[in-house]
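**Student:** Would you mind keeping the following structure in view while I ask a few things?
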Amino acid sequence: MSKQEFLARLRKGLSGLPRENIEERLAFYSEMIDDQMEDGLSEEEAVSAVGSVDEIVTQAVAETPLAKIAKERIKSKRRPSAGEIVLLVLGSPIWLPLLIAAFAVLLSLYISLWAVIVSLWAVFASLAAGSIYGVLTCVIFAVSGNAAKGIAMLAAGFVCAGLSIFAFYGCKAVTKGFLLLTKKTAIGIKNCFVKREEA
């Protein structure tokens with residue numbers, strides 16, 4: 001692909017973003033391709049070294065705040081007619097409470113998922129504390145001459161330690177997965193605004 005084709009595809013992919021962001025990205029990648037060509041690569045090799053247009057667009061959308069995308073979308077739209085404004089105002093007793101309720105439900109689901117993650121970490125902390133407690137009580141029982149109870153507490157401490165290791169990796173994976181889901185959801189919402197702008 002030539003440099004001009006690459007930049008044209010990039011401009012089309014970024015069309016829902018604010019204009020200054022588009023121009024800034026186009027200038028950056030144009031200069032990057034020129035630098036690659038000065039280093040001895042052909043035009044096609046320089047373009048392929050930059051990366052794919054889809055990856056660049058995804059990264060640009062992820063880095064642009066949703067407020068900027070929404071502002072650009074509102075700024076570039078036509079002004080609503082008087083009839084549309086009247087319908088919005090008259091329909092607000094219906095659509096506004098529904099919108100608030102939908103937002104409240106989504107927010108409560110998000111908070112509930114975080115509560116589950118916090119609970120999982122609390123289980124991990126309890127198991128880790130139980131393992132320390134088991135080892136300490138083993139020492140206390142051993143000093144007081146009650147070896148059987150000391151061995152039982154040491155075994156319980158080792159079981160808690162083993163379970164806490166499994167719990168740690170499980171909690172870490174769940175937390176990382178939920179953060180990734182949150183990021184992908186935010187990017188998906190931004191893409192909805194960008195795609196609607198392109199259409």
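**Student:** Do you know which residues across the range 87-145 are of a type in the set (S, T, N, Q) and free of Cβ contacts under 8 Å to residues at least 12 places away in the same chain? First the steps, then the outcome.
**Tutor:** Going residue by residue through the range 87-145, those that are of a type in the set (S, T, N, Q) are 92, 108, 112, 119, 126, 131, 137, 144.
Residues satisfying the conditions are Ser92, Ser108, Ser112, Ser119, Ser126, Ser144.
**Student:** Failed condition for Pro80, given (1) at pLDDT 85 or above; (2) of a type outside the set (A, V, I, L, M, F, W, C); (3) over 30 Å from Thr182 (Cα atoms), with all others met?
**Tutor:** Status for Pro80: all satisfied but (1).
**Student:** For the range 1-23, which positions are outside any helix (DSSP H, G or I) and closer than 16 Å to Asn191 by Cα?
**Tutor:** Taking the range 1-23 as the starting set, the residues that turn out to be outside any helix (DSSP H, G or I) are 1-2, 14-18.
If the condition is that a residue be outside any helix (DSSP H, G or I) and closer than 16 Å to Asn191 by Cα, then Leu14, Ser15, Gly16, Leu17, Pro18 are the ones that fit.
**Student:** While we're on this one: Which is touching a Pro at 6+ places or on another chain (Cβ under 9 Å) and surrounded by 11 or more Cβ atoms within 10 Å (Cβ to Cβ), of Leu96, Leu88? Can you show your working first?
**Tutor:** Values: Leu96 fails: touching a Pro at 6+ places or on another chain (Cβ under 9 Å).
Testing whether each residue is touching a Pro at 6+ places or on another chain (Cβ under 9 Å) and surrounded by 11 or more Cβ atoms within 10 Å (Cβ to Cβ) leaves just Leu88.
**Student:** If we keep just the residues of the range 6-27 that are charged (D, E, K, R) and touching a residue at least 40 places away in the same chain (Cβ under 8 Å), which is farthest from Ser52 (Cα to Cα)?
**Tutor:** First pass over the range 6-27, keeping only residues charged (D, E, K, R): 9, 11-12, 19-20, 23-25.
Right, trim to touching a residue at least 40 places away in the same chain (Cβ under 8 Å) and you get 9, 12, 19.
Values: Arg9: 10, Lys12: 14, Arg19: 21 Å.
Among residues in the range 6-27 that are charged (D, E, K, R) and touching a residue at least 40 places away in the same chain (Cβ under 8 Å), the one farthest from Ser52 (Cα to Cα) is Arg19.
**Student:** Let me ask another. I'd like the full set of residues that are closer than 30 Å to Phe178 by Cα and more than 30 Å from the chain's Cα centre (by Cα), limited to the range 116-135.
**Tutor:** Ala129, Gly130, Ser131, Ile132, listed by residue number.
**Student:** Within the range 136-156, does at least one residue satisfy the condition of being surrounded by 15 or more Cβ atoms within 10 Å (Cβ to Cβ) and within 29 Å of the chain's Cα centre (by Cα)?
**Tutor:** Within the range 136-156, none of the residues are surrounded by 15 or more Cβ atoms within 10 Å (Cβ to Cβ) and within 29 Å of the chain's Cα centre (by Cα).
**Student:** Still on this structure, please answer the following. Being of a type in the set (A, V, I, L, M), more than 30 Å from Tyr169 (Cα to Cα), assigned to a helix (DSSP H, G or I) and outside the structural domain of Lys184 (by TED's automatic domain parsing) is the requirement here; does Leu26 meet it?
**Tutor:** Working: of a type in the set (A, V, I, L, M): yes; more than 30 Å from Tyr169 (Cα to Cα): yes; assigned to a helix (DSSP H, G or I): yes; outside the structural domain of Lys184 (by TED's automatic domain parsing): yes.
Criteria met by Leu26.
The values are calculated or read from the model by the stated rules, or taken from the named source; none is laboratory data. Just so it is clear, the structure is predicted and the values come from calculations on it, not from any experiment. All Cβ positions, even for glycine, are placed from backbone atoms using ideal geometry, and neighbour counts span all protein chains on display.
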